[in-house]
Amino acid sequence: MSTPQEPFDPAAPRPIPPYAQQAPQPAPQPAYPQAPYAPQRPAGTDKNWMGVTSLVLSLAGLFTGITAIVGIVFGHLSLSAVKRGEADNWGVGLAGLIIGYVITALGLLVLIGLFAVFGWAVSECGGSNAADWCTSTGS
């Protein structure tokens with residue numbers, strides 16, 4: 001025979017089974033270490049623009065020639081700003097500096113070559129009569 005059941009009351013507390021009463025509490029997980037924030041530079045001391053300007057002007061020196069010299073100047077200024085802690089793009093400043101020196105050196109070599117060719121042409125093809133220019137008479 002079955003026993004009569006009490007009516008179901010959803011608000012009534014339910015009994016806790018014995019296996020759930022003695023469950024061990026899990027150990028607390030250690031907190032992940034927080035990454036330290038980068039130190040903020042005071043306003044107006046960010047000079048990363050010098051390295052970028054150095055690189056851009058040095059590369060523009062391929063087409064203009066003269067801007068590579070200005071790129072060298074800004075490259076040196078950028079590297080000194082990195083040493084003082086006012087900028088953090090050492091690689092960009094160094095790249096602008098190296099490219100500026102290389103382009104300036106190549107430009108000087110081309111200029112020396114042009115002067116050499118012009119000097120040769122003047123010595124070989126000189127004279128007051130235009131018809132006699134660059135013709136060797138063998139004498």
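The values are calculated or read from the model by the stated rules, or taken from the named source; none is laboratory data. The shown structure was predicted, so the numbers you read here are calculated from the model rather than taken from an experiment. Positions of Cβ are backbone-derived with ideal geometry, glycine not excepted, and every protein chain shown enters the neighbour counts.
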Inset, instruction - Kindly check whether there is at least one residue in the range 97-105 that is surrounded by 10 or more Cβ atoms within 10 Å (Cβ to Cβ), more than 27 Å from residue 46 (Cβ to Cβ) and in contact with a helix residue (DSSP H, G or I) (Cβ under 8 Å, 6 or more places away or on another chain). - result: yes
Legend entry - Whichever residue in the range 60-89 is in a helix (DSSP H, G or I) and under 14 Å from the mean Cα position of the chain (by Cα) and, among such residues, is nearest to residue 108 (Cα to Cα): 75
Inset, instruction - Determine the pairs where a residue that is surrounded by 10 or more Cβ atoms within 10 Å (Cβ to Cβ) and aliphatic (A, V, I, L, M), located within the range 37-53, has a partner that is modelled with pLDDT of 70 or more and not in a helix (DSSP H, G or I) with Cβ atoms under 7 Å apart, the partner being 6 or more residues away or on another chain. - result: 50/87
